[in-house]
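Data first, discussion second: the structure below is written as structure tokens.
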Amino acid sequence: MKRLTVPAIQRRKFEGNTSEPLVMLTAYTARQAQLLDPHCDMLLVGDSLGQVIYGLPSTLAVTLDMMIAHGAAVVRGSYHSLVLVDMPFGSYEASPQQAFASASRVMAETGCAAVKLEGGAAMADTISFLSQRGIPVMAHIGLTPQAVNALGGYGARGKSQQEHAKIMADARAVAQAGAFAMVLEGVMEELAVAITDSVDVPVIGIGASVHCDGQVLVTEDMLGMFERVPRFVKRYDNIAETIGNAAQHYAQDVRNRLFPTEDQVYRPKN
Ligand code: KIV
Ligand code: NA
């Protein structure tokens, strides 16, 4: 199976009458990527790794080096899905030139196929600058976690008419600027429908209803690794419980000298 390409992903929006939704999950490690890869179209090395892997309070302290280390691991662990890497806070907002310097490092040092960056109309020039220079960009609009301090929290967006109009304008601006797709996060269903209908690139939803051209979730959220998750997360498993139970069982065995057993011990053969 050949790796999916940016044009192949882009075409999916208009394939057939009822084109199949695109499937995207986050991945941060090689083994995780290996397990998710056969089931996905795209693997996102999200800056959510700040909270999920590093225990940071938000994505703001995530660095380019962190994204590159995990991006390279995910590329090594996958061969089918298109891998894209998040541009971390502070690595791209200052100018198109700054964004190009950072994004070209990400592309060269990880082998990923595209980058994702947060922001709508304000990032249009940057998206166009990168796209025209061989760096495919996925935009991320609606609830943009790197702007948590400006937004005042992680609540759903697009509730007021003003906000609805702003996010719609963002969607149009990033599509116009050449983004090959966009993530639409945490918005009212009505807005998700309107945006998906009005742009000609795939809209990948997270907390944006079933009407988008694809869906993404943070893998650890959908696996049930965390107690507190946003309303838009569906838990497909309870990995926290599985890991906790295994650790408890192991601890018990060690304390009772029930591990290691005959099966795990080295002895001279005779
Ligand atoms: O960082 C991330 O995981 C993301 C997805 C939730 C879209 O940006
Ligand atoms: Na992100």
(message) Just to be sure I understand the filter: pairs with C-beta atoms under 7 Å, separated by 6 or more residues or on different chains, first member in the range 49-66 and closer than 25 Å to ILE239 by Cα, second member more than 14 Å from ligand 2 (Cβ to nearest atom) and among the small types (Gly, Ala, Ser). Which pairs pass?
(response) none
(message) Looking at the range 132-152 only, could you name the residues that are buried (at least 17 other Cβ atoms within 10 Å of the Cβ) and either modelled with pLDDT under 95 or part of a helix (DSSP H, G or I) (or both)?
(response) PRO145, GLN146
(request) Out of ALA175, ALA171, ALA194, ALA179, report the one residue that is touching a residue at least 12 places away in the same chain (Cβ under 8 Å), among the small types (Gly, Ala, Ser) and within 16 Å of ligand 2 (Cβ to nearest atom). (result) ALA179
(request) Could you check how many residues of the range 91-111 are within 15 Å of ligand 1 (Cβ to nearest atom) and either modelled with pLDDT under 95 or surrounded by fewer than 24 Cβ atoms within 10 Å (Cβ to Cβ) (or both)? (result) 1
(request) Being part of a helix (DSSP H, G or I) and basic (Lys, Arg) is the filter; apply it to the range 1-56 and report the residue that is farthest from MET182 (Cα to Cα). (result) ARG31
(request) May I ask you to list the residues in the range 17-59 that are modelled with pLDDT under 95 and either within 14 Å of ligand 2 (Cβ to nearest atom) or charged (D, E, K, R) (or both)? (result) GLU20
(request) Could you tell me which of the residues GLN252, GLN248, GLN264 is touching a Leu at 6+ places or on another chain (Cβ under 8 Å) and surrounded by fewer than 12 Cβ atoms within 10 Å (Cβ to Cβ)? (result) GLN252
(request) Go through (1) assigned to a helix (DSSP H, G or I); (2) more than 19 Å from the chain's Cα centre (by Cα) and name the single condition ILE127 misses. (result) (2)
(request) Starting from the range 106-118, take each residue that is on the phi > 0 side of the Ramachandran plot and list its partners that are crowded, with 24+ Cβ neighbours inside 10 Å, counting only C-beta distances under 9 angstrom and pairs at least six apart or across chains. (result) GLY111/GLY71; GLY111/VAL83
(message) Restricting to the range 197-225, count the residues that are within 16 Å of ligand 2 (Cβ to nearest atom) and acidic (Asp, Glu).
(response) 2
(request) Keeping to the range 153-168, report how many residues are part of a helix (DSSP H, G or I), without any contact (Cβ under 8 Å) to a residue 40 or more places away in the chain and surrounded by 15 or more Cβ atoms within 10 Å (Cβ to Cβ). (result) 3
(message) Condition (residue is farther than 19 Å from HIS39 by Cβ and either modelled with pLDDT of 95 or more or not basic (Lys, Arg) (or both)) applied to the range 219-227: is it met by at least one residue?
(response) yes
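Could you list, in sequence order, all residues of the range 72-88 that are closer than 21 Å to THR59 by Cα and not in a strand (DSSP E or B)?
ALA72, ALA73, VAL74, MET87, PRO88, listed by residue number.
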(request) Name the single residue, out of those in the range 89-110 being closer than 25 Å to GLN51 by Cβ and not in a helix (DSSP H, G or I), that is nearest to ligand 2 (Cβ to nearest atom). (result) PHE89
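The values are calculated or read from the model by the stated rules, or taken from the named source; none is laboratory data. Quantities reported herein were computed from a predicted structural model and do not represent experimental measurements. Glycine gets a Cβ as well: all are built from the backbone with ideal geometry, and neighbour counts include every protein chain shown.
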